[in-house]
Amino acid sequence: MVILVRHGSTPTTGKMLPGRAPGLHLAEKGRAQATLVAERIAAMEKPPTAVYASPLERTRETAAPIASALGLRVRTSRGLIEADVGDWTEKPLSRLYKTKEWPTVQRWPVGFRFPGGESFAEMSTRSMDAVLGLVADHPGQSIVAVSHADPIKAIVAAAAGVPLDLMQRLVVSPCSVSALLFTSYGPAVLCMNSTGSLNELALS
C-alpha cells in the first residue's frame, strides 16, 4: 500500500504557485498538520516500513515527524517532486487566474504545458513511475510518499482509471492522506483526501 500525503500548509498556500522554488518552509499551521498526520499514520495497525518525500523543503518537513513517529528515516524520491511550472514559479494565483491559459489548466490539463516547464502529461507519467518504482522496491509492504497536490491528483486519477483531464475535480488538502493498494490485478483506491482514522484502509 502507498500512503500519499500532501505536504502541510505554507505561508503561500492558496496565494501563490510556488512550483519548485527553494526555501519554502511549512507555516506553523503546516507543522501542526504534519504532527497530526504523523500520529494518524503511526496509529495504523500495520504501520508503514518506509517514508519517502520529494526533495523540496515543505515535503521533507512534513515527512520528518512521520518518519520520527515510525522510527524511520526520510528518503528522497525525485519523482515525487512538484510540477515544474516554469515561468509561473512563485506567481500570485490572483494573477494567474486572470490569464487566458488558466481555463485550460482547469478544464483540459492534457493540452497544457507550463511556459518554460513541464506538461501535466509528463508530470503524471513521472510521478506514477516514481510510485510504481517504490512499490517494486517494497513488495508486500506499506510505504508513505509525501508529495504535492497536483502529482497526487494525477497519481490517484491514473490508479482509478480517471482521465487526466478530470484530475482538477479531485481535492487534495494539506496533510490529507490518499491511499492506494497495488495488486497483480491492478491498483485500488482505498481512500482520498482523508483526514480521519486510517485503520479502515482495507478491501471489503
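We did not get these values from a lab; they are worked out from the coordinates using the rules stated. Note that the coordinates shown come from a computational prediction; the quantities given were computed from them, not determined experimentally. Virtual Cβ from ideal backbone geometry, glycine too; neighbours counted across all protein chains shown.
When the range 63-76 is examined, which residues are found to be among the hydroxyl-bearing types (Ser, Thr, Tyr) and either under 14 Å from PRO48 (Cβ atoms) or part of a helix (DSSP H, G or I) (or both)? Result: SER68, single match.
Here is a list: GLY133, GLY117. Which entry is under 26 Å from ARG60 (Cβ atoms) and in a helix (DSSP H, G or I)?
Matching residue, one of GLY133, GLY117: GLY133.
Evaluating GLN141 against the criteria (1) part of a loop (DSSP other than H, G, I, E, B); (2) over 27 Å from ARG73 (Cβ atoms) leaves one unmet condition, (2). So, GLY117, is that one farther than 18 Å from SER178 by Cβ, among the small types (Gly, Ala, Ser) and either in contact (Cβ under 8 Å) with a residue 60 or more places away in the chain or buried (at least 16 other Cβ atoms within 10 Å of the Cβ) (or both) or not? Judged against the criteria, GLY117 is a match.
Can you name every residue in the range 78-93 that is in a helix (DSSP H, G or I) and under 17 Å from VAL105 (Cα atoms)? Spell out the reasoning first.
Our first condition is that a residue be in a helix (DSSP H, G or I); within the range 78-93, this holds for 78-80, 86-88, 93.
Of everything in the range 78-93, those that are in a helix (DSSP H, G or I) and under 17 Å from VAL105 (Cα atoms) turn out to be GLY86, ASP87, TRP88, LEU93.
Of all the residues in the range 42-93, those that are without any contact (Cβ under 8 Å) to a residue 40 or more places away in the chain and hydroxyl-bearing (Ser, Thr, Tyr) number 2. Please tell me if ALA130 is in contact (Cβ under 8 Å) with a residue 24 or more places away in the chain, in contact with a Pro (Cβ under 9 Å, 6 or more places away or on another chain) and of a type outside the set (Ser, Thr, Tyr). Taking the combined requirement at face value, the residue satisfies it. Please work out if PRO48 is buried (at least 16 other Cβ atoms within 10 Å of the Cβ), not hydroxyl-bearing (Ser, Thr, Tyr) and not in a helix (DSSP H, G or I). Spelling it out, PRO48 is indeed buried (at least 16 other Cβ atoms within 10 Å of the Cβ), not hydroxyl-bearing (Ser, Thr, Tyr) and not in a helix (DSSP H, G or I).
Checked against (1) buried (at least 18 other Cβ atoms within 10 Å of the Cβ); (2) of a type in the set (Lys, Arg); (3) in contact with a strand residue (DSSP E or B) (Cβ under 6 Å, 6 or more places away or on another chain), ARG75 passes all but a single condition, namely (1). Within the range 94-103, none of the residues are outside any loop (DSSP other than H, G, I, E, B), more than 30 Å from GLY161 (Cβ to Cβ) and β-branched (Val, Ile, Thr). The set of residues from the range 5-19 being surrounded by 18 or more Cβ atoms within 10 Å (Cβ to Cβ), in contact (Cβ under 8 Å) with a residue 60 or more places away in the chain and closer than 20 Å to LYS91 by Cβ comprises HIS7, SER9, THR13, MET16, LEU17, PRO18, GLY19. GLY30 falls short on exactly one of the conditions (1) touching a Ser or Thr at 6+ places or on another chain (Cβ under 6 Å); (2) part of a loop (DSSP other than H, G, I, E, B), and that condition is (2).
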